[in-house]
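The block underneath contains the structure these notes are about, expressed in structure tokens.
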Amino acid sequence: MKPYVICHMVASIDGRILHSRWRPRTIDGGALFERLHERLGGGAWLIGRVTGQEFAKRAPYDPRADRLYPRAPRLVRRDAAAYGVVLDAHGKISWGRAEIGGDPIVVALTEQVSDAHLAGLHEDGVSYFFAGERELDLRRVLAFLREELGVERLLLEGGGATNGAFLRAGLIDEVSLVLCPAVDGAQGAPSVFDSPGRDTERRAPIEEMFLERSEVLDGGAVWLRYRLRNGSTREPRHSAPSGAS
């Protein structure tokens, strides 16, 4: 089983998500995002490594490990109202904190991470689990959250690479998209759904999209909520792109 996954994003009318680049700058995209995040609710929210790095507060962990660490999950808390889940396949983020906005951090790792990195996570009080040997298996990530932490509803709020990986894997149940009256206009700017070069021709297995709700917000933004019906995928495993945002 997996949680019900809602991809929640705030974008310009050309689908760009880096709010500082928008013109005109009449809407605070970040504040709007957070307000609707609270309205959607959920037992967890998930981001990729690049987005997660923005929340880090510490210099790199000591490269020396005090001991060997088993490749087994370590959950500091199981009773939180919500969790902040970060995909960090190769252990690049040195946190210096255990929570983001009051939500305990839970990191999805591969078994290739170093013992030194695991030592740093222990020191910071950060929870973690493993979802693949060399690459993150997105289905395993979702199954762990559902089965071990009881997450029934998850807000996918990554950068375009992470969102795109979940989309192509057929793992998104709903898209919550806020279109703001602004334009980025730059080629290659971060988008709601992106793909690395190797996945450019790989299509998402979406068979139908149903508009379940629309709402005009203050300032002229429009909130659209689409339910997705995904078909089966041929690939036996679905991994997050390396360095996903």
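Coordinate-derived values only; no laboratory data. The structure presented is a predicted model; accordingly, all values stated were derived computationally and were not measured. Cβ coordinates were reconstructed from backbone atoms using ideal geometry, including for glycine residues, and neighbour counts include every protein chain displayed.
Figure the gain on full extension for ALA65 and ASN230 (residue separation times 0.36 nm, minus the Cα-Cα span) and round it to one decimal in nm.
Using 0.36 nm per residue and subtracting the Cα-Cα distance, I get 55.0 nm.
Could you rank the peptides 174-180, 47-53, 66-72, 133-139 by their average count of other C-beta atoms within 10 Å per residue, with the highest value first?
Final packing ranking: 47-53, 174-180, 133-139, 66-72.
Distances over 31 Å make up what percent of all Cα-Cα pairs in the chain?
Roughly 23 percent, rounded to a whole number.
Please identify which residues in the range 1-27 have an amide N closer than 17 Å to a label point set 7 Å out from the Cα of GLU147, following the Cα→Cβ vector.
Within reach of a label on GLU147, which here means backbone N under 17 Å from a point 7 Å along Cα→Cβ, the range 1-27 contributes 1-4.
Quick one: work out Rg over Rh on the C-alpha atoms of the range 1-112, Rh as Kirkwood radius.
Result: Rg/Rh = 1.01.
Return the FRET efficiency for the residue pair GLU208, LEU75: r is the Cβ-Cβ distance, R0 is 35 Å, and the value is rounded to the nearest 0.05.
0.45
Estimate the FRET efficiency between ARG134 and LYS57 by the formula 1/(1 + (r/R0)^6), using the beta-carbon distance for r and 22 Å for R0, to the nearest 0.05.
0.20
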